[in-house]
Amino acid sequence: MHLVLAHIGARPGGRGGSKDGFDALVQVYLDRCAAYGRCQAEAFRAEEAFLDWLDRQKGRSPALAVLLDSHGRQMNSEAFAGWLGARRDEGAQDIVFAIGPASGWSDAARTRAQLLLSLGNFTLAHALARLVMAEQLYRACTILAGHPYHTGH
């Protein structure tokens, strides 16, 4: 399974997006995820560019889009790992977790999503949301693998 952590808001001149202090921390968790499967980060200047890219992803099946949205479903770490494991077991090749534009996702983007996911009731800076999502992806991978990183509290 291939996991992609995408976000809207790339700065000019960088495929990797912004060069804030969070980029290195996000990459730490994505690198840790690599022990369990392919994982990468992508950045886009606008929602339209992201949706175009998403539509171009080719595989045996279309990439699953999980959009982070304040009105989305909330899960604890175990439930999220279970959701991810179920998608893996169903044969999903590519799952894209995307943090949207500051103004929120359009209705068109929301209808494209297989899941709207909320990190909670707090409003988070986009860079912090990327870091939290990267850590949760790693945590889910370790839960699914039975690794002791997640102790359940």
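The values are calculated or read from the model by the stated rules, or taken from the named source; none is laboratory data. Because the structure is a prediction, the values reported are computed rather than measured. Cβ sites come from the backbone with ideal geometry, for glycine too, and all protein chains shown count toward neighbours.
Candidates in segment 91-135 are the residues that are of a type in the set (Gly, Ala, Ser) and crowded, with 18+ Cβ neighbours inside 10 Å; of these, the one that is nearest to the chain's Cα centre (by Cα) is 98.
Hey, does segment 93-101 have a residue that's under 18 Å from residue 132 (Cα atoms) and in contact with a His (Cβ under 7 Å, 6 or more places away or on another chain)? Spell out how you get there, then give the answer.
Residues of segment 93-101 that are under 18 Å from residue 132 (Cα atoms), as a first pass: 95-101.
Narrowing further to those that are in contact with a His (Cβ under 7 Å, 6 or more places away or on another chain): 98-99.
Yes, that holds for at least one residue.
Return a yes/no flag: does segment 100-109 have any residue that is closer than 21 Å to residue 2 by Cβ, out of contact with any Lys or Arg (no Cβ under 6 Å at 6 or more places or on another chain), without any contact (Cβ under 8 Å) to a residue 60 or more places away in the chain and not β-branched (Val, Ile, Thr). No, segment 100-109 has no match at all. Checked against the criterion of being within 14 Å of the chain's Cα centre (by Cα), in a strand (DSSP E or B), crowded, with 19+ Cβ neighbours inside 10 Å and hydrophobic (A, V, I, L, M, F, W, C), the candidates 43, 81 yield just one match: 43.
When restricted to residues that are closer than 27 Å to residue 151 by Cα and not in a strand (DSSP E or B), segment 93-124 contains 6.
For residue 102, the requirement of being aliphatic (A, V, I, L, M) and modelled with pLDDT of 95 or more is not met. Picking from residues in segment 46-73 that are within 14 Å of the chain's Cα centre (by Cα) and under 16 Å from residue 93 (Cβ atoms), the one that is surrounded by the most Cβ atoms within 10 Å (Cβ to Cβ) is 66. Restricting the first member to segment 51-76 and to residues that are closer than 16 Å to residue 140 by Cβ and modelled with pLDDT of 95 or more, and the second to residues that are assigned to a helix (DSSP H, G or I) and among the charged types (D, E, K, R), the beta-carbon pairs closer than 9 Å and six or more apart or on different chains are 64/87.
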